[in-house]
């Protein structure tokens with residue numbers, strides 16, 4: 001094995017110019033594949049639900065954009081009447097899509113006391129907003145926009161300073177958050193509540209609670225009661241076609257890798273007919289010759305794969321992964337270990353297949369024919 | 001030159017398996033480029049339609065031309081008293097229970113909408129002052145989706161509306177349902193509120209002006225431009241990937257041409273010794289490169305047409321299909337030409353530096 005590797009390595013170094021060309025072509029394909037894979041994974045994460053929990057969302061029926069919904073105080077009061085037997089918390093919620101600089105970002109507002117127990121927001125840096133000009137920012141939104149603690153963001157004509165960076169489940173939480181009363185002050189008369197989050201009490205049957213809320217006269221006629229995960233999944237369907245396009249592009253890149261790996265391998269082998277003839281004349285068996293060619297291809301594929309992977313990682317790091325956003329939610333790209341491994345296996349398998357198929361003719365030919373080429 | 005070009009094409013014909021594989025590699029990169037450009041073009045054609053005649057008054061930071069803006073009706077009087085000659089109210093919202101059945105709803109002033117929006121009636125009649133309540137005009141794409149002709153009934157937010165006419169604008173408005181302003185207000189439960197006001201441009205207000213109470217003035221169509229630009233990041237990334245595939249195709253083409261030139265080195269040496277110069281040899285390679293790229297271009301266009309038919313981008317209420325216009329096809333032909341030149345450059349350089357006659361002597 002060591003001898004095979006040594007021969008293959010020497011061969012690669014001997015024909016360095018052609019090897020470099022082959023590796024460059026394949027590395028660029030690997031780079032594309034990883035970028036598309038990262039994009040596809042990011043879309044999948046976006047569409048993923050926030051996990052099953054004990055939260056319900058009550059929002060106006062038949063409206064796609066939550067920022068246009070209005071929740072009247074009687075609905076809020078109706079839900080609060082279930083406290084404490086069936087409901088632990090009722091949280092009024094404001095939702096807006098706002099322009100912050102050149103980007104559209106989501107702005108959410110809810111009572112500060114609900115942020116951790118109900119919305120499961122985990123403080124990473126700084127402190128929750130205390131001053132009127134302070135807001136909190138999700139880590140994904142911060143990364144995508146290059147915001148840090150103290151960064152200034154202009155919203156609805158007022159300047160705010162980021163005092164907290166937090167982590168929360170689900171991509172819909174990739175937003176700027178402010179306490180409810182501050183949002184109502186900011187928006188004045190138009191600062192209507194859009195929805196309410198209802199957290200079921202520990203002892204409550206959440207299905208019964210949902211049915212009961214939906215049947216409540218203050219809610220039934222105008223609002224729909226969703227499980228939080230169902231609502232998130234429903235809304236995230238808007239990007240499923242973009243995900244499909246990303247998937248198609250990934251298949252195209254994979255096909256290009258297939259042809260690229262096969263071409264690179266077969267070309268380098270066919271030109272070696274005479275050398276292979278020499279090896280056969282010296283007594284190398286067909287199997288050993290093919291193993292040598294296979295090892296060479298795998299080494300070449302591995303080098304190309306490593307280069308492509310590094311290029312993709314550098315690009316993702318340099319672009320901060322936040323160049324793409326969908327409806328105000330930044331998509332953060334990363335190459336997962338699973339994706340890196342699957343890419344490696346693909347390249348190795350295709351390089352090996354290319355070597356094996358294209359060496360069929362060479363090992364089948366007579367030594368004399370090979371030496372004549 | 002022509003002789004060598006035909007010899008070059010013959011060589012790729014002889015090695016047809018290699019040629020097919022290479023053409024497919026080129027086709028994949030061109031298909032990726034075509035799809036990216038086709039969707040980008042379609043998105044901008046649908047959304048990016050700036051109006052020179054009207055400005056729009058909306059809630060600051062919102063996308064009032066689509067959704068998210070709500071203004072009091074009393075603002076109209078404030079605008080006209082401040083110097084605007086007119087303030088035409090409109091409602092814009094997206095209604096539906098899921099993104100799949102979403103409808104873009106526009107509430108229009110029946111007296112004035114004909115002046116602010118260019119459209120053609122495809123079937124039926126336009127809405128007029130005095131049209132019966134719960135009448136609607138459907139954009140041609142929405143009418144197709146709902147399979148609704150004039151006289152049919154469509155449900156908008158659970159209420160029945162009778163289709164008066166079907167219109168076409170060539171923009172995202174083709175996915176909209178237009179109803180009288182008062183019907184939209186009743187449907188949404190907005191009372192007298194509206195989404196936006198349209199005011200003539202060139203008067204006292206300018207784009208970028210801010211009014212008290214969080215109200216902004218933008219050009220009509222600016223929201224569409226902003227929305228289309230929101231996707232620029234994604235298209236830039238896809239463009240980078242398409243370019244990468246193009247580079248990979250050019251590198252692979254270089255490899256193939258080097259290989260073919262090596263396989264035919266004896267013939268080329270003979271031709272060189274017969275007096276064919278470096279330019280002729282470059283023409284030989286360029287013909288091969290162009291032949292493979294042309295086959296790849298045709299296969300790439302076919303693949304893009306199939307993918308374009310099979311896919312569409314569906315956002316809330318709007319379905320965007322790939323727009324494989326002649327401009328997009330011409331741009332991809334240019335990319336194919338670049339791949340041709342890039343693929344042939346290095347082999348041509350290599351061939352020009354190689355002493356083929358000496359090589360022929362050594363080989364024999």
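Values in this text are rule-based calculations from the coordinates and carry no lab data. Worth saying up front: this structure is predicted, and the values here are computed from it rather than measured. No Cβ is skipped: glycine too gets one built from the backbone with ideal geometry, and neighbour counts run over all protein chains shown.
Remarks
- Of A:5, B:285, the sequence from fewest to most neighbouring Cβ atoms within 10 angstrom is A:5, B:285.
- Relative contact order of chain B, taken over Cα pairs closer than 8 Å and 6 or more residues apart, is 31 percent.
- Taking 0.36 nm per residue of separation and subtracting the current Cα-Cα distance, fully stretching the chain between residue B:159 and residue B:309 would add 50.7 nm.
- Nearest 10 degrees, 0 to 90: helix A:286-318 Cα axis against chain A principal axis: 30
- Computed over the protein assembly as shown, the Cα gyration tensor eigenvalues convert (square root of 5λ each) into semi-axes of 60, 31, 22 Å, ordered from largest to smallest.
- Peptides A:68-79, B:21-32 ranked from most to least packed by the mean count of surrounding Cβ atoms within 10 Å: B:21-32, A:68-79.
- Per-residue packing, averaged as other Cβ atoms within 10 Å, sorts the ranges A:32-39, B:79-86 into the order A:32-39, B:79-86, beginning with the highest.
- Inter-chain Cβ neighbour count for B:211-220, averaged per residue, equals 2 (cutoff 10 Å, partner chain atoms only).
- Helical contribution to [θ] at 222 nm, DSSP H n ≥ 4, -39,500 (n - 2.57), averaged over the protein assembly as shown, rounded to 500: -17500 deg cm²/dmol
- Segment A:271-317 and segment A:89-149: distance between their alpha carbon centers, rounded to Å: 52
- Per-residue shielding of B:189-199, expressed as the average number of other chain Cβ atoms within 10 Å of the residue Cβ, stands at 1.
- Footprinting exposure proxy for A:15, A:65, A:369 (fewest neighbouring C-beta atoms within 10 Å first): A:369, A:15, A:65
- Ordering of A:149-161, B:331-343, B:52-64 by burial proxy (mean other Cβ atoms within 10 Å per residue, highest first): B:52-64, B:331-343, A:149-161
- Between the helical axis of B:278-310 and the longest alpha-carbon principal axis of chain B there is an angle of about 30 degrees.
- For the peptide B:93-105, the mean number of other protein chain Cβ atoms found within 10 angstrom of a residue's Cβ is 4.
- Helix axis angle, B:2-14 relative to chain B longest principal axis, alpha carbon, degrees: 80
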